[in-house]
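The values are calculated or read from the model by the stated rules, or taken from the named source; none is laboratory data. For clarity, every value in this text was computed on a predicted model and none was experimentally measured. Positions of Cβ are generated from backbone atoms using ideal geometry, with glycine treated the same way; all protein chains shown enter the neighbour counts. Heads up: the accessible areas ignore ligands, DNA and RNA and are worked out on the full protein's heavy atoms, side chains in. Shrake-Rupley method; radii C 1.70, N 1.55, O 1.52, S 1.80 Å.
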Amino acid sequence: MSHEEYMKAALELAEKGLGFVNPNPMVGAVIVRDGEIIGRGYHHKCGELHAERNAFADCDSRGIDCSGADMYVTLEPCCHYGKTPPCTEAVIGHKIKRVFIGSADPNPLVAGKGVKLLRENGIEVTENVLRSECDELNEIFFHYITSGTPFVTMKYAMTADGKIACHTGESKWITGEAARRNVQRERLKHSAIMVGIGTVLADDPMLTCRLENGRNPIRIICDTHLRIPLDCNIVRTAKEVTTIIATSSQNEEKRLALSESHCNTLVVGEKNGHIDLNELMSELSALQIDSILLEGGGELNWSMLNAGLVNKVQAYIAPKIFGGADAKSPVSGIGVPTPSDAFMLENTKVKRIGDDILIESRVRNVHGNN
C-alpha cells in the first residue's frame, strides 16, 4: 500500500467519530510495520482518548511492540495537556520511527509545535499527505478554532423552479428519502440545528436526528418576541433534547413557563426589529457550540447571509415544479440591489442523491463578515 492508501484508512477511521467529538476534530490513526497495519484508532468522543493513543491501545491489547513502526495520522499530534495527555508523548514513548500527517493543526496550542517536538526527538515527519481530504474532514473544527464562531451550514430543499413550499404552505415532501437521510447525517455532524419561529409555527417540527444510534443536535429557535407555543413539539420534548430559545423579549412569565418546560432561554439584544444574530453567535460559541445546521425559512436565511454568518450552502434540488407567484423561495428578505452585490459561492460540488441533486458550495467572503 502507498502512503496515500494508509492515510485513506486513517480517514475512514476518523469519520467514525462524526457527531460525537465536537468541538474537537475528527482524527484517525493507523500504525504500520512491514507493509501491514498493526494498529488502528480514532477519536471516539470529546474528552476521551485521541486517535493516536487509541491506536497504541489497540497494539498493546494484542501485545504488539510498536518500536520502529510508522504512524499515519489525519491531524498533527497534539503536544499539550487538555482533557487527555499530549499524543506526542505517546508517539515518542512508543518509539515510532516515522510519522505521516494529513492536516496541520491550527489550534494555537499546537500549530506546528507537535511536528517540531517529534523531530527534536529523532522522529522523521512527513506532512501534507492527502491534505485536502484531511482538511475537508475538519472544516468545522478549523473554522471554530481560528474564528471563535460556529461554522454555519445553510441547508434547504427546493423544486426545480426554486420553491420550498406550495402556495398553500405545504412542503412535505420536496425531496426523496435518500436526500432526507443525508440531511439526518448533517444533523448528526453539526452540534446544533437552528430555525426561526416562523418554521415552528408553520410546521411544528421536532428537529431531531433520526439515525440509528445517532445524537440529537441542540435545537436553537430564533424567536424575537417569544411567540413559541408551550404545547408545540419543541417545547414538549425539551426535557429530552437540549433546546435554546433565543429572544429579545422581557416577558418574564413566558420565560418562566419555558424554563419549567426545560427550555433554555437566551436573551440577546435586538437589531432592526429582530434578535442580534452576531451577538447570538458569540453567545453560542461561548457554549462551545462549534457548528450550526441552519434549516430556517427565507427570512432567517436572508438575515444570516446578510450578517455574514453563513459559511456553506447546501441546496437540495428536486425534479419537480410547484409554480405559484406567492410560493416561498429559500432566501427572501429585501435581497441585494444589483447582481454585482450577490453573495458569491465557490468550491461548488454537485452530487446526485436518489432522484435529487445536492449542490454544495462555500460562501465567498466578499463582505468581510464571515
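Miscellaneous remarks
- Conditions (1) within 25 Å of ASP223 (Cβ to Cβ); (2) acidic (Asp, Glu); (3) open to solvent by 30 Å² or more (accessible area, probe 1.4 Å); number of the one not met by ASP341: (1)
- Single residue of VAL268, VAL313, VAL331 found to be over 28 Å from ALA165 (Cβ atoms) and either surrounded by 16 or more Cβ atoms within 10 Å (Cβ to Cβ) or hydroxyl-bearing (Ser, Thr, Tyr) (or both): VAL268
- Top-ranked residue of the range 286-304 - restricted to ones that are open to solvent by 20 Å² or more (accessible area, probe 1.4 Å) and not polar (S, T, N, Q), ranked as nearest to GLU186 (Cα to Cα): GLU295
Matching residues to (1) touching an Asp or Glu at 6+ places or on another chain (Cβ under 9 Å); (2) free of Cβ contacts under 8 Å to residues at least 60 places away in the same chain:
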residue: ARG219; (1), (2): no, yes
residue: CYS222; (1), (2): no, no
residue: ARG227; (1), (2): no, yes
residue: ARG236; (1), (2): no, yes
residue: THR247; (1), (2): yes, yes
residue: GLU253; (1), (2): no, yes
residue: ALA257; (1), (2): no, yes
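- Residue in the range 353-363 that is open to solvent by 10 Å² or more (accessible area, probe 1.4 Å) and over 26 Å from CYS166 (Cβ atoms) present: yes
- Of all residue pairs spaced 6 or more apart or on separate chains, those with beta-carbon atoms under 9 Å, a first member in the range 121-135 that is more than 14 Å from VAL99 (Cβ to Cβ) and in contact (Cβ under 8 Å) with a residue 40 or more places away in the chain and a second member that is open to solvent by 70 Å² or more (accessible area, probe 1.4 Å) and acidic (Asp, Glu) are LEU130/GLU4.
- Check on VAL30, open to solvent by less than 20 Å² (accessible area, probe 1.4 Å), under 17 Å from ASP65 (Cβ atoms) and out of contact with any Pro (no Cβ under 6 Å at 6 or more places or on another chain): yes
- Residue satisfying condition, being assigned to a loop (DSSP other than H, G, I, E, B) and free of Cβ contacts under 8 Å to residues at least 60 places away in the same chain, within set SER361, SER332, SER340: SER332
- If you go through the range 9-22 and keep only what is open to solvent by 20 Å² or more (accessible area, probe 1.4 Å) and under 15 Å from the mean Cα position of the chain (by Cα), you end up with GLU15, LYS16, PHE20, ASN22.
- Within the range 43-67, residues that are open to solvent by 10 Å² or more (accessible area, probe 1.4 Å) sit with their Cβ atoms under 7 Å from residues that are among the charged types (D, E, K, R), at 6+ positions apart or across chains, in these pairs: GLY47/LYS83; ASP58/ARG40; SER67/LYS95.
- Test for ARG210: is it more than 29 Å from THR146 (Cα to Cα), in a loop (DSSP other than H, G, I, E, B) and among the basic types (Lys, Arg): yes
- Within the range 97-122, the only residue that satisfies the criterion of being open to solvent by less than 10 Å² (accessible area, probe 1.4 Å) and assigned to a loop (DSSP other than H, G, I, E, B) is VAL110.
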